[in-house]
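The block underneath contains the structure these notes are about, expressed in structure tokens.
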Amino acid sequence: MIGSKIIHLESVDSTNNYVANLIKGNSLVNGTVILTDEQIEGRGQRGSVWSSLSGVNLLMSVYFEPANLSVEHQFYLSKFVAITLMDYLKSKGLNADIKWPNDIYVKGKKIAGVLIENQLSGTNIKSAIIGVGLNVNQIDFGDINATSLKLELSEFNSIDEVLFGLIQNFNKNVGILEDFELIDSIYHSNLLGLNTKRLFVINGKQVCGIIKSVSQEGKLNVLIKENLNSFDLKEIKFVF
Ligand code: BTN
């Protein structure tokens, strides 16, 4: 069960690194959650930095051993995590969208990001480190296009309550990992920009396109001038 063990740290380089080190020592129970008040070297997608003020946001990683997930289906884990976060935020009354690949946005602003690092065994995912950064009580993001629960709900939120709510949602949703069609249907029906014209940056140029789907491999399929193009994370940027 996710959250059967919770380790709360005051400060760490990155909760994902912390889990990776415990994996090396073979000392982890499936579903262990690492929570920290502060990260010194928080990591984001594409080698970016995840910075957060100390003590105000949810910074956590889950050590998760999927029951039977092949490498070719690894993006379903990403979709499952995005669905879980979106579902949790909707339960708090927020109009949350999934922004490909697995960010969560509210009213065009990022509220949560996910960094998943998989450990493989042959053609299967042996285990995954699911890192989640969710903005809870931070109210100033400088020039970053971000928001938080506090900004959206106009109230202080206990990080522990958010953690337990999210863990509950993980456990509630984990069964959908056995039903890829269901995952695809929930993921696409909450996907930001699906079937609507919007601007992207591709090769440094602004381009108008329409998101049609996200493939099994996690590529973004965008219709541009009547041609369907598939993009990897580094190849396309959204314009907000
Ligand atoms: C992104 O949107 O770029 C992903 C951000 C993921 C941040 C979380 S915070 C907890 C965990 N530890 C890390 O170093 N990163 C993830």
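General observations
- Total residues in the range 180-195, condition crowded, with 16+ Cβ neighbours inside 10 Å and part of a loop (DSSP other than H, G, I, E, B): 3
Matching residues to (1) in contact (Cβ under 8 Å) with a residue 24 or more places away in the chain; (2) out of contact with any strand residue (DSSP E or B) (no Cβ under 8 Å at 6 or more places or on another chain):
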position: ASP143; (1), (2): no, yes
position: SER148; (1), (2): yes, no
position: SER154; (1), (2): no, yes
position: ASN173; (1), (2): yes, yes
position: TYR187; (1), (2): yes, no
position: ASN195; (1), (2): no, no
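- The combined condition, being within 14 Å of the chain's Cα centre (by Cα) and not in a helix (DSSP H, G or I), is not fulfilled by SER78.
- Whichever residue in the range 99-108 is under 20 Å from ASN157 (Cβ atoms) and open to solvent by less than 40 Å² (accessible area, probe 1.4 Å) and, among such residues, is nearest to the ligand (Cβ to nearest atom): ASP103
- The number of residues in the range 121-158 that are closer than 21 Å to ASN102 by Cβ and surrounded by fewer than 13 Cβ atoms within 10 Å (Cβ to Cβ) comes to 2.
- Each residue in the range 79-106 was checked for being in contact (Cβ under 8 Å) with a residue 40 or more places away in the chain, basic (Lys, Arg) and closer than 21 Å to VAL56 by Cα, and 1 pass.
- Enumeration of residues in the range 109-137 that are more than 13 Å from the ligand (Cβ to nearest atom) and outside any strand (DSSP E or B): GLY122, THR123, ASN137
- Flag for ILE211 being open to solvent by less than 20 Å² (accessible area, probe 1.4 Å), assigned to a strand (DSSP E or B) and under 16 Å from LYS79 (Cβ atoms): yes
- Number of the exception - ALA96 against (1) open to solvent by less than 60 Å² (accessible area, probe 1.4 Å); (2) within 14 Å of the ligand (Cβ to nearest atom): (2)
- Answer residue from the range 49-65, given it is within 17 Å of THR147 (Cα to Cα) and of a type in the set (S, T, N, Q) and is farthest from the ligand (Cβ to nearest atom) among those: SER54
- Among the candidates LYS90, LYS126, LYS107, the residue that is of a type in the set (Lys, Arg), touching a strand residue (DSSP E or B) at 6+ places or on another chain (Cβ under 8 Å) and within 30 Å of ASN195 (Cβ to Cβ) is uniquely LYS90.
- Unmet requirement for ASP87, which otherwise passes all of (1) surrounded by fewer than 21 Cβ atoms within 10 Å (Cβ to Cβ); (2) within 14 Å of the chain's Cα centre (by Cα); (3) more than 20 Å from ALA146 (Cα to Cα); (4) more than 10 Å from the ligand (Cβ to nearest atom): (3)
The values are calculated or read from the model by the stated rules, or taken from the named source; none is laboratory data. Being a predicted model, the structure only gives us computed values, none of them experimental. Virtual Cβ from ideal backbone geometry, glycine too; neighbours counted across all protein chains shown. With ligands, DNA and RNA removed, areas are computed over all heavy atoms of the protein, side chains included. Shrake-Rupley method; radii C 1.70, N 1.55, O 1.52, S 1.80 Å.
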